[in-house]
Amino acid sequence: MPETYPASPDFIANAHADADTYERMYAQSVSDPEGFWGEHGKRIDWIKPYTVVKNTSFAPGNVDIKWFEDGTLNVAANCVDRHLAERADQVAIIWEPDSPEEEAKHITYRELHAEVCKMANIYKDLGVGKGDRVVLYMPMIPEAAYAMLACARIGAIHSIVFAGFSADALGARINGSDAKLLVTADYAPRGGRSTPLKSNADAALLNVFHDCKMLVVKRTGGQTTWTEDRDFDYNALRETASAECAAEEMAAEDPLFILYTSGSTGQPKGVVHSTGGYLVFASMTHQYTFDYHDGDIFWCTADVGWVTGHSYIVYGPLVNGATTLMFEGVPTYPDASRFWQVCEKHRVNQFYTAPTAIRALMGQGDDYVKGSDLSSIRLLGTVGEPINPEAWNWYNDVVGGGRCPIVDTWWQTETGGHLITPLPGAIPTKPGSATKPFFGVQPVILEPTSGEEIHDTAAEGVLCIKDSWPAQMRTVWGDHARFEKTYFADYKGYYFTGDGCRRDEDGYYWITGRVDDVINVSGHRMGTAEVESALVAHVKVAEAAVVGYPHDIKGQGIYAYVTLMNGESPSEELRKELEVWVRTEIGPIAKPDLIQWAPGLPKTRSGKIMRRILRKIAEDDFGALGDTSTLADPSVVDDLIENRMNKL
Ligand code: WT7
């Protein structure tokens with residue numbers, strides 16, 4: 001029986017929700033979703049109020065999700081303009097640069113308004129309008145937030161590509177959404193190094209055959225090359241751009257953004273999020289999960305290139321009128337005290353990061369934490385992967401001083417916001433458990449093969465969600481059939497998360513990890529199929545199979561079995577070459593941690609690779625290979641084990 005950790009009486013007394021409030025609100029949210037969301041939808045400003053709250057179907061062949069469908073609104077007006085009356089001079093964004101030597105910036109809501117309008121006017125001058133797609137490939141600088149909100153202001157749809165992705169990956173996403181404009185910067189400083197974003201963007205556009213302009217923000221002033229009539233200088237255009245721009249009236253169901261994410265098959269898919277439902281849910285989760293109060297300084301350490309950055313650096317905090325901290329750097333530069341120094345410097349109240357960062361910092365020792373005054377922190381959060389009890393305890397004791405509730409938030413790119421998470425004043429936590437569902441969320445555990453719902457409180461199986469919530473993704477960009485097939489085909493009538501899960505006797509949920517061919521590397525999602533297709537695109541590679549394996553810091557590492565073309569032989573040089581190859585095809589986050597040369601791969605007689613066996617070998621778990629008698633050639637397994645034992 002794991003220990004439970006309730007928040008302090010003081011915390012509970014001041015919290016937005018205590019246990020009774022949570023129970024009452026949760027019960028209403030599932031018994032009367034229309035009534036509940038009809039009421040809470042009013043937390044944002046509507047131009048034309050909605051009369052229809054929920055119109056959703058998970059029915060096979062007819063998956064259709066609409067919330068607040070007849071309402072109209074503008075997201076940028078909600079995140080910026082509506083705060084001007086009360087908090088124009090309050091800081092909206094604190095920007096902390098990569099290097100502590102460089103000065104932080106404080107952008108007030110008034111300044112944010114002017115900047116967003118200017119950027120929006122620049123977009124318009126470049127021919128971007130309502131419904132057009134704009135790809136952002138940006139460092140973590142305030143202009144990234146301006147660029148997002150400027151899209152929202154004019155009704156353009158942004159698609160952010162994480163700045164760690166390669167030129168090839170960027171090009172594919174520009175093509176995938178037929179983007180009219182690419183917004184980037186000259187360079188992205190990070191951890192003392194600098195990524196040449198503009199030159200990556202140049203390379204990406206070599207593979208784009210429709211008309212796509214480029215708007216370039218100056219970050220370092222480093223050298224770039226310029227293509228006349230295609231490339232535009234943001235800093236120059238900003239000088240003359242007007243600081244007023246009307247906000248477009250958008251329908252609740254108009255897409256707000258596209259964000260590509262990996263799945264178990266094929267290339268990444270463009271997850272489409274809505275305008276109204278997404279914003280309501282981002283607002284509500286930000287307030288309740290983090291127990292955000294007016295005046296708090298909120299810091300989410302994610303990058304805006306991931307959904308966490310969308311919902312909890314930009315949209316959630318800003319729609320709530322918060323001060324959100326945006327950090328350009330990494331946890332360990334210049335040294336492992338960086339996060340804590342930033343918390344001290346800006347008096348951070350809520351701190352939200354990934355278990356992988358906690359593990360990495362824990363490994364550096366407590367002294368890096370103890371040198372900073374962390375007394376402003378009231379709440380800690382984690383996201384992206386399960387947190388192991390050791391890291392949880394360190395986070396709780398050393399960082400939180402035992403005073404701060406830890407919210408372990410389970411959600412996905414597809415869910416738009418938190419689905420399973422403690423509300424800190426209401427739900428005592430257990431290390432490693434995401435605890436209980438957020439308002440309106442009905443998790444169910446299904447028996448994996450029969451698809452039957454398990455009704456016992458204590459249960460284990462696959463995690464599905466029974467009914468829609470406002471921030472649910474609406475479709476896959478340009479491929480609604482793929483949306484239905486990926487999420488609604490395996491278990492009819494449910495949204496399938498791809499995660500395995502256990503529910504304990506107290507009704508707490510424990511995510512056990514992906515049950516599909518998706519791996520979680522440092523809290524980032526990677527499709528094994530994607531890495532495999534990058535590997536086999538190399539001329540010397542005949543075949544590749546990729547699996548995850550336990551990694552101390554990253555949670556999971558990328559393990560690649562590679563079969564070479566006839567006549568090629570393994571070498572250290574080739575190993576390096578393949579690593580570089582994958583970096584160029586996808587980006588540094590996809591680089592295999594281990595490559596094992598495999599003369600053959602275990603296949604069934606029908607030619608299907610038996611990944612179960614490859615996973616076990618990668619885990620050094622040779623005793624549990626199970627039945628190998630259905631393999632076409634069982635002896636390949638012995639070879640693989642022998643090579644694995646010889647340390648590859
Ligand atoms: C997958 C989604 C949601 C933003 C970050 C990742 C895993 C996420 C947790 C958690 C255990 C978690 C799941 C999920 N995951 N949060 N608190 N505990 N696992 O978004 O890239 O869409 O990945 O991350 O496996 O399916 P994503």
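The values are calculated or read from the model by the stated rules, or taken from the named source; none is laboratory data. No experiment lies behind these values; they were computed from the predicted model shown. For neighbour counting, all protein chains shown are included, and Cβ atoms are generated from backbone atoms with ideal geometry for every residue, glycine included. Each accessible area value is taken on the protein alone, full model and side chains, heavy atoms only, with ligands, DNA and RNA left out. Shrake-Rupley method; radii C 1.70, N 1.55, O 1.52, S 1.80 Å.
Structure values in brief
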read-out	value
Complete set of residues in the range 548-576 that are of a type in the set (Asp, Glu) and touching a residue at least 24 places away in the same chain (Cβ under 8 Å)	552, 568
Flag for residue 57 being closer than 30 Å to residue 493 by Cβ, open to solvent by 20 Å² or more (accessible area, probe 1.4 Å) and not basic (Lys, Arg)	yes
Boolean, residue 179 is under 24 Å from residue 131 (Cβ atoms), part of a loop (DSSP other than H, G, I, E, B) and open to solvent by 10 Å² or more (accessible area, probe 1.4 Å)	no
Within the range 348-417, helices (runs of 4 or more DSSP H) holding 1 or more residues that are closer than 18 Å to residue 7 by Cα and out of contact with any helix residue (DSSP H, G or I) (no Cβ under 9 Å at 6 or more places or on another chain)	389-394
Residue check, residue 85 free of Cβ contacts under 8 Å to residues at least 40 places away in the same chain, in a helix (DSSP H, G or I) and farther than 29 Å from residue 531 by Cβ	yes
Of residues in the range 66-106 being crowded, with 21+ Cβ neighbours inside 10 Å and β-branched (Val, Ile, Thr), the one farthest from the chain's Cα centre (by Cα)	80
Positions within the range 556-573 being among the charged types (D, E, K, R) and assigned to a loop (DSSP other than H, G, I, E, B), in sequence order	568
Yes/no for residue 619 being modelled with pLDDT of 90 or more, more than 30 Å from residue 173 (Cβ to Cβ) and charged (D, E, K, R)	yes
Count - residues of the range 390-410 that are free of Cβ contacts under 8 Å to residues at least 60 places away in the same chain, open to solvent by 10 Å² or more (accessible area, probe 1.4 Å) and within 15 Å of the ligand (Cβ to nearest atom)	1
Residue that is farthest from residue 400 (Cα to Cα) [pool: residues in the range 347-361 that are touching a Ser or Thr at 6+ places or on another chain (Cβ under 8 Å), open to solvent by 10 Å² or more (accessible area, probe 1.4 Å) and not hydrophobic (A, V, I, L, M, F, W, C)]	356
Count of the range 364-385 residues which are in contact (Cβ under 8 Å) with a residue 40 or more places away in the chain and either away from the ligand (no atom under 16 Å from the Cβ) or in contact with a strand residue (DSSP E or B) (Cβ under 6 Å, 6 or more places away or on another chain) (or both)	6
Within the range 504-527, tally of residues that are within 14 Å of the ligand (Cβ to nearest atom) and out of contact with any helix residue (DSSP H, G or I) (no Cβ under 8 Å at 6 or more places or on another chain)	11
Selection within the range 503-522 - under 22 Å from the mean Cα position of the chain (by Cα), surrounded by fewer than 20 Cβ atoms within 10 Å (Cβ to Cβ) and among the small types (Gly, Ala, Ser)	513
1 or more residues of a type in the set (Gly, Ala, Ser), buried (at least 19 other Cβ atoms within 10 Å of the Cβ) and out of contact with any strand residue (DSSP E or B) (no Cβ under 8 Å at 6 or more places or on another chain): qualifying helices (runs of 4 or more DSSP H) within the range 234-344	276-289, 316-319
Checking residue 587 against (1) among the small types (Gly, Ala, Ser); (2) in contact with a helix residue (DSSP H, G or I) (Cβ under 8 Å, 6 or more places away or on another chain); (3) open to solvent by 30 Å² or more (accessible area, probe 1.4 Å), the condition it does not meet	(3)
Candidates 442, 472, filtered to the one that is open to solvent by 10 Å² or more (accessible area, probe 1.4 Å), in contact (Cβ under 8 Å) with a residue 24 or more places away in the chain and under 30 Å from residue 18 (Cα atoms)	442
Residue in the range 65-82 that is modelled with pLDDT of 95 or more and within 30 Å of residue 191 (Cβ to Cβ) present	yes
The range 554-583: number of residues that are surrounded by 14 or more Cβ atoms within 10 Å (Cβ to Cβ) and within 25 Å of residue 263 (Cα to Cα)	15
Flag if residue 319 is within 14 Å of the ligand (Cβ to nearest atom), more than 18 Å from residue 382 (Cβ to Cβ) and out of contact with any Phe, Trp or Tyr (no Cβ under 7 Å at 6 or more places or on another chain)	no
Every residue from the range 608-623 that is in a loop (DSSP other than H, G, I, E, B) and either without any contact (Cβ under 8 Å) to a residue 12 or more places away in the chain or touching a Ser or Thr at 6+ places or on another chain (Cβ under 7 Å) (or both)	608, 610, 621
Close pairs (7 angstrom Cβ cut-off, 6 or more residues apart or separate chains): without any contact (Cβ under 8 Å) to a residue 60 or more places away in the chain in the range 221-245, part of a helix (DSSP H, G or I) anywhere	224/198; 224/199; 225/202
Breaking point among (1) open to solvent by less than 60 Å² (accessible area, probe 1.4 Å); (2) within 30 Å of residue 331 (Cα to Cα); (3) within 16 Å of the ligand (Cβ to nearest atom), for residue 534	(3)
Restricting the range 613-648 to residues that are basic (Lys, Arg) and surrounded by 14 or more Cβ atoms within 10 Å (Cβ to Cβ), the residue that is farthest from residue 519 (Cα to Cα)	644
Given (1) away from the ligand (no atom under 13 Å from the Cβ); (2) over 16 Å from residue 404 (Cβ atoms), index of the condition residue 292 fails	(2)
Some residue of the range 469-480 being part of a helix (DSSP H, G or I) and more than 16 Å from the ligand (Cβ to nearest atom)	yes
Meets criteria (closer than 18 Å to residue 157 by Cα, among the hydroxyl-bearing types (Ser, Thr, Tyr) and within 16 Å of the ligand (Cβ to nearest atom)) for residue 312	no
Residue within the range 113-130 that is part of a loop (DSSP other than H, G, I, E, B), without any contact (Cβ under 8 Å) to a residue 60 or more places away in the chain and over 27 Å from residue 194 (Cβ atoms) present	yes
